[in-house]
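Peer 1: What follows is a structure written as structure tokens; I'll ask about it next.
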Amino acid sequence: MSVIRPTTVEVETSLRLVAPDATALPVRASLRYDPADPYAVHVLFHAESAGGEAVSWSFARELLVTGLDEPAGIGDVRVWPWATPRGDFVALALSSPDGNALFEVPRSVLVRFLRRTYVVVPRGREAEHLDVDTAVNRLLAGR
């Protein structure tokens, strides 16, 4: 008998990178949710050049959920609601030793993405989808 595994949720979208002078540049990105990593969401920023490498950030799904309605996060990833004359967005601020970036994400895109993730793994049921043995083996293999 085979086991049916929930599918990964992936949404292609365009974010806006907000420059220090408040101008914004479009950035192609993918929002990804893998039920094998049930507490996390992943944002993959696609390189514009053919030879460029994509950059991936991972953080808690709950951080994204909270950030839809109120400021959330401390440190490297912060999320908060951001209303503009163009509509409702969510600000996604990322910090690393290499620099900082602020992105505008359409709120409607995040809401649809999160709804799809809840179909795969309902909120509060993440622990039922976590394979602890695999996670520990993955951590130990990275030593």
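The values are calculated or read from the model by the stated rules, or taken from the named source; none is laboratory data. This one's a predicted model, so the numbers in the text were calculated from it and none came from an experiment. As a convention, Cβ positions derive from the backbone with ideal geometry for all residues, glycine included, and neighbour counts pool all protein chains shown. Heads up: the accessible areas ignore ligands, DNA and RNA and are worked out on the full protein's heavy atoms, side chains in. Shrake-Rupley method; radii C 1.70, N 1.55, O 1.52, S 1.80 Å.
Peer 1: So residue 61 ticks every box in (1) within 9 Å of the chain's Cα centre (by Cα); (2) surrounded by fewer than 17 Cβ atoms within 10 Å (Cβ to Cβ) but one. Which box is left unticked?
Peer 2: (2)
Peer 1: I'd like to know if region 33-41 contains one or more residues that are modelled with pLDDT of 95 or more, within 28 Å of residue 138 (Cβ to Cβ), under 13 Å from the mean Cα position of the chain (by Cα) and not hydrophobic (A, V, I, L, M, F, W, C).
Peer 2: No.
Peer 1: Scanning region 24-58 for residues that are out of contact with any strand residue (DSSP E or B) (no Cβ under 9 Å at 6 or more places or on another chain) and open to solvent by less than 80 Å² (accessible area, probe 1.4 Å), which turns out nearest to residue 92 (Cα to Cα)? Full working, then the answer.
Peer 2: Just the residues of region 24-58 that are out of contact with any strand residue (DSSP E or B) (no Cβ under 9 Å at 6 or more places or on another chain), to begin with: 36, 38, 49-53.
This time we only want the ones that are open to solvent by less than 80 Å² (accessible area, probe 1.4 Å), so: 36, 38, 49, 51-52.
Details: 36: 24, 38: 20, 49: 23, 51: 26, 52: 22 Å.
Looking at residues that are out of contact with any strand residue (DSSP E or B) (no Cβ under 9 Å at 6 or more places or on another chain) and open to solvent by less than 80 Å² (accessible area, probe 1.4 Å), I get 38.
Peer 1: Report, ordered by the first and then the second residue, all pairs with beta carbons closer than 8 Å, sequence separation of six or more or different chains, a first member in region 82-95 that is more than 20 Å from residue 112 (Cα to Cα), and a second member that is in a strand (DSSP E or B) and of a type in the set (Val, Ile, Thr).
Peer 2: Hits for this filter: 93/77; 93/79; 94/77; 95/77.
Peer 1: Can you tell me how many residues in region 74-99 are within 14 Å of the chain's Cα centre (by Cα) and open to solvent by 40 Å² or more (accessible area, probe 1.4 Å)?
Peer 2: Qualifying residue count, region 74-99: 3.
Peer 1: Of all strands (runs of 3 or more DSSP E) completely enclosed by region 31-125, which ones contain at least 3 residues that are more than 14 Å from residue 16 (Cα to Cα)?
Peer 2: Numbers: elements: 40-45, 55-60, 77-84, 87-96, 99-106.
Because the criterion is at least 3 residues that are more than 14 Å from residue 16 (Cα to Cα), the strands (runs of 3 or more DSSP E) in region 31-125 that meet it are 40-45, 55-60, 77-84.
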